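See structure below.
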């Protein structure tokens, strides 16, 4: 897994030397931001899943700042935000809305078909998205953070467990290979 991630993630030095991220170089020196270990990668996935539900195009920027704050793997956090895209955002926001209605007890009597966002163009998407989110009200405002926190917690523990399983399987394979050599 480490070899796969190292092949596709940018190096620490290339990001520090980059003209767009160079001004952050003082904050980008902590080793956990770049190391691929179980804790750092699991934290990066959690940060990415949490910030992936931030409305608008600031998800990766949010993941960078939270990665620096919590000292978790920055490239993994930025990559993990990509689970939200034009195909998944409406179902995720609908789920957040439903979660918000369960928690708050408020029900605006909206059907799932009415939760769909309005038509948008490149020049009015930010206004249309804001108006759509305001129309969904308190259930969405409560449901989004709850869903983001839930996804982050589940993602963190799934990565930790999967990493552990992978290490155990690799260890057993290595032990079997060594016993076969004897």
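The values are calculated or read from the model by the stated rules, or taken from the named source; none is laboratory data. Nothing here was measured: the structure is a model prediction, and the numbers come from that model. So basically every Cβ, Gly included, is an ideal-geometry build from the backbone, and we count neighbours across all protein chains shown.
Could you please tell me which pairs satisfy a Cβ distance under 9 Å, a separation of 6+ or placement on different chains, a first residue in segment 84-101 that is at negative phi and surrounded by 13 or more Cβ atoms within 10 Å (Cβ to Cβ), and a second residue that is modelled with pLDDT of 90 or more and assigned to a loop (DSSP other than H, G, I, E, B)?
84/52; 84/53; 89/53; 92/52; 92/53; 92/84; 93/53; 96/53
Pull up segment 29-47, narrow it to residues that are buried (at least 20 other Cβ atoms within 10 Å of the Cβ) and free of Cβ contacts under 8 Å to residues at least 40 places away in the same chain, then point me to the one that is farthest from the chain's Cα centre (by Cα).
It comes out as 40.
With more than 13 Å from residue 97 (Cβ to Cβ), in a helix (DSSP H, G or I) and at pLDDT below 95 as the only criterion, which of 114, 131 stands out?
After ruling out the rest, the residue left standing is 131.
With the structure loaded, tell me whether residue 91 is in a helix (DSSP H, G or I) and farther than 20 Å from residue 159 by Cβ or whether it fails that test. Full working, then the answer.
Numbers: in a helix (DSSP H, G or I): yes; farther than 20 Å from residue 159 by Cβ: yes.
Taking the combined requirement at face value, the residue satisfies it.
When segment 65-82 is examined, which residues are found to be assigned to a helix (DSSP H, G or I) and surrounded by fewer than 22 Cβ atoms within 10 Å (Cβ to Cβ)? If you could, list the steps in order and put the result at the bottom.
Within segment 65-82, the first condition is being assigned to a helix (DSSP H, G or I), and the residues that meet it are 65-70, 74-82.
Across segment 65-82, the qualifying residues are 65, 66, 68, 69, 70, 79, 82.
Working only within segment 53-63, note down all residues that are in contact with a helix residue (DSSP H, G or I) (Cβ under 6 Å, 6 or more places away or on another chain) and in a helix (DSSP H, G or I).
Listed by number, the residues that qualify are 59, 60, 62, 63.
Quick one: in segment 14-28, which of the residues that are more than 13 Å from residue 75 (Cα to Cα) and either out of contact with any helix residue (DSSP H, G or I) (no Cβ under 9 Å at 6 or more places or on another chain) or crowded, with 18+ Cβ neighbours inside 10 Å (or both) is modelled with the lowest pLDDT?
Among those residues, the one meeting the criterion is 23.
Filter segment 36-52 down to the residues that are part of a loop (DSSP other than H, G, I, E, B) and either in contact with a helix residue (DSSP H, G or I) (Cβ under 7 Å, 6 or more places away or on another chain) or more than 25 Å from residue 148 (Cβ to Cβ) (or both), then identify the one that is modelled with the highest pLDDT.
The extreme case among them is 52.
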